[in-house]
Amino acid sequence: MLNSLYRGSLVSVLALGAVSCKQDANLALANKGAVTQVAGGDTAITAPNFDETEVMIPMRDGVKLHTTIWAPKGNTEKLPIIFSRTPYGIASSGKSLDSPALADLEKDGYIFVFQDIRGRFTSEGEFVMLRPMRDKRNPKAIDESTDAYDTIDWLVKNVPNNNGRVGMLGTSYPGWLTVIAMLDPNPALKAVSPRASPADMFMGDDFHHNGAFRLAYGFEYATMMETDKQVTPYKFDKPDLYDWYLQVGSLASIADSLKGKIPTWTNFAAHPNYDAFWQEQAVAPYLTHVTVPTLNIAGWWDQEDFFGPIKIYETLEPHDTKHLNYLVVGPWNHGGWNGKTGESLGAINFGSPTSADFRKNIEAPWFAYWLHNKGTLKLAEATTFQAGSNQWQSHDSWPARRGVTAKLLYLQADHRLAFTKPTAAADSGFDAYVSDPANPVPYRTRPILGTYAKGSTWSRWLVDDQRFLQGRADVLSWTTPVLAEDVNIAGAISAHLFASTTGSDADYIVKLIDVYPETGTDSLRGYQLMVANDVLRGRFRNGFERPQPITPNHVDEYTIDLHTQDYRFLKGHKIMVQVQSAWFPLIDRNPQTYVPNIFKAKDSDFKAQTERIFRSPKSASYIRLPVESATAAAAAAVESQTHTSVP
């Protein structure tokens, strides 16, 4: 939920170490008793084109929330409000207004409002990580939805020269707060754009993927957010966190060191399965109607919350009778849509300034249409960037349906891949490796720096060259021949592994990879780019609420959701599939010996086991790909020019 240590109040790239300007002037308010000026604080940095006022806005239970209001200097016309709420601190909000991320919105004219949620920084009250929805039967109950409602109510009644219309946006945790605000929206909330909002912290966002605990992120985020009311990173005593997490041992050892002082970690350990705790946090059950126009934003290589925005969009779709629910997915990491250009990520160049294009041609017109009553809305249901061809696509649904056929890409003997099912072979019909918890497969090139450490590659690791794992016997690969023609995929991808283990639990990580040609002088010669990937904790193969041990040496089918993607494997490239059983320390080590609660596993429970991945006619492992016809892909690219005017 946090892209860098200095995440700003609105979006991941806006926190540039600046703090907001303190103004002496009070708002000319009818209800002056509701305002408390905040004195003191850090050194101020101004936003030269705005006047700022700080207020403490009272909620229905009397708690007051620290809020900054930025109005364009010299403005006399009535303007809409853009509002963002955050747990990361609003000190840098002034600097954010001087960044490319908001430049196109600023040209159209808005009053910008930023707020520390309750219990964070100088806001009053108690902070609860991802606060559960309130019990509506209790008229005095509060949640993030009521706080948003009350704040909007106060803003439209008290901020001078507002036109009574409010829009909300935010990335990651602020994106989740935006989603929560639209569940029971204030009538003045007219448009929302949640970006990379988590939707389910057990199934696919920050803390778990398919039941597998995201160790490094979970630990570092929880300690950073709950050590105090500020943002305080954990201080590691080793430069390579692969060594640190391996040396610290089991999750139980980490719990001992925290001494119960980090509530979120305590909850991790108390709720190892998909129980009521996680289910109550998940937003999907609450998305039963589309209340306001919604622009969902996601990035194909979002290292934190890709699952969430797609899940939110898909859950809202059956209820979208007025066509208010939209989706945009670009070639971005977490918050990459806020970057200066978005022309590249790591070593991968996308051929155009995708972030700048999005902000100018989609985001700004979207808010202008709903909040200013300006222009016409020329936006497809789903606008996605197809990497490989490096062009925007327009779809009337997502996952795409037109011209898309499900095709099965099978694992074959001799580490080959083919769109034909394996036939009887003379060999064993499987490939095997030994997974050793004492030597887990790293998820990115070592040394692995802290998630928020200076020089960390966390923000781009999903596009790292996977050749760094060459030579490891515990990573298996299967590859197609050189492609004779382009292969387009547009939609949901899933892996279906038939596997056995000598242990009683196992993790299976599957990666779909684009292998660049070895020929030529290109700097990406031979590059292995992950297109899709994820993990499944084997104990959850039959459901996430009630884990089950694996029967040793028994062949089971493991279905792994690799999510959606819009991608073109170019002629001359190859398609690769990799399978491994560790991704450390991104994912905690599986003891590979079944214990009811991995958070309580002892060091002695961790044992090396042999994993077999089957590719026989009877047990044929495969990847299910949504292959899009060349005609449909070309049509989607043409329609994109019409719908979004994106170059």
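Observations, loosely collected:
- Near-label residues of segment 359-399 by backbone N, under 20 Å of a point 7 Å along Cα→Cβ of Ser344: 386-392
- Segment Asn390-Asn161, length gained on full extension (0.36 nm per residue, minus Cα span): 78.2 nm
- Extension gain from Asp240 to Ala406, taking 0.36 nm per residue of separation minus the Cα-Cα distance: 55.6 nm
- Considering only Asn553, Met201, Phe112, the residue lying farthest towards the positive end of the dipole of the chain is Phe112, judged by Cα position with unit charges set on Cβ.
- Part-to-part distance (alpha-carbon centres) for segment 58-77 and segment 592-642, which is given in Å: 47 Å
- Taking 0.36 nm per residue of sequence separation and removing the Cα-Cα distance, the His323/Lys571 pair yields an extension gain of 85.5 nm.
- Computed per residue of the chain from DSSP H runs no shorter than four, each worth -39500 (n - 2.57), the mean residue ellipticity at 222 nm is -5000 deg cm²/dmol.
- Global geometry of segment 456-595, whether rounded, prolate or oblate, following the gyration tensor of its Cα atoms and the 1.5 cut on a/c: prolate
- Taking label points 7 Å from Cα along the Cα-to-Cβ direction, Asn75 and Ala252 give a separation of 5.8 nm.
- Top positive-direction residue, dipole computed over segment 494-647 with Cβ charges, set Ser616, Ala633, Val531: Ser616
- Here segment 598-616 is scanned for amide nitrogen atoms under 13 Å from the site 7 Å beyond the Cα of Ala473 along Cα-to-Cβ, giving 609-611.
- Evaluated with a Cβ-only charge set (Lys, Arg +1; Asp, Glu -1), the chain carries a dipole of roughly 260 debye about its Cα centre, given to the nearest 20.
- Cβ-Cβ FRET estimate between Lys136 and Arg416, R0 fixed at 56 Å, reported to 0.05: 0.50
- Among the listed values (1) 25.6; (2) 31.2; (3) 29.4, the one computed from these coordinates for Kirkwood radius over Cα pairs in Å is (1).
- Cβ-Cβ FRET estimate between Gln230 and Arg525, R0 fixed at 45 Å, reported to 0.05: 0.45
- In terms of distances greater than 22 angstrom between alpha carbons, the cross-link table entries Lys235/Lys261; Lys73/Lys340; Lys64/Lys140; Lys259/Lys600; Lys107/Lys378 yield Lys73/Lys340.
- Three-way shape label, segment 244-345, alpha-carbon gyration tensor, a/c 1.5: oblate
- Cα lying deepest toward the dipole's positive end in segment 353-419, options Gly388, Pro353, Gly375, charges on Cβ: Gly375
- Segment 482-507 and segment 534-559: distance between their alpha carbon centers, rounded to Å: 16 Å
- Within the shell defined by Cβ-Cβ distances under 11 Å, the residues around Pro263 carry a net charge of -1, with Lys and Arg each +1 and Asp and Glu each -1.
- Rolling a 1.4 Å probe over the protein heavy atoms gives segment 445-546 an accessible area of 37 Å² per residue.
- Of the accessible area of the chain, computed with a 1.4 Å probe over protein heavy atoms only, carbon and sulfur atoms account for 51 percent.
- Gyration tensor (alpha-carbon) shape descriptor, segment 102-261, a/c threshold 1.5: prolate
- What segment 178-326 shows is 33 Å² of accessible area per residue, with the surface traced by a 1.4 Å probe over protein heavy atoms.
The values are calculated or read from the model by the stated rules, or taken from the named source; none is laboratory data. Keep in mind that this is a model prediction, so the values were computed, not measured. Because the Cβ atoms are built from the backbone with ideal geometry, glycine has one as well, and the counts that use them run over all protein chains shown. All accessible areas refer to the heavy atoms of the entire protein, side chains included, with ligands and DNA or RNA removed. Shrake-Rupley method; radii C 1.70, N 1.55, O 1.52, S 1.80 Å.
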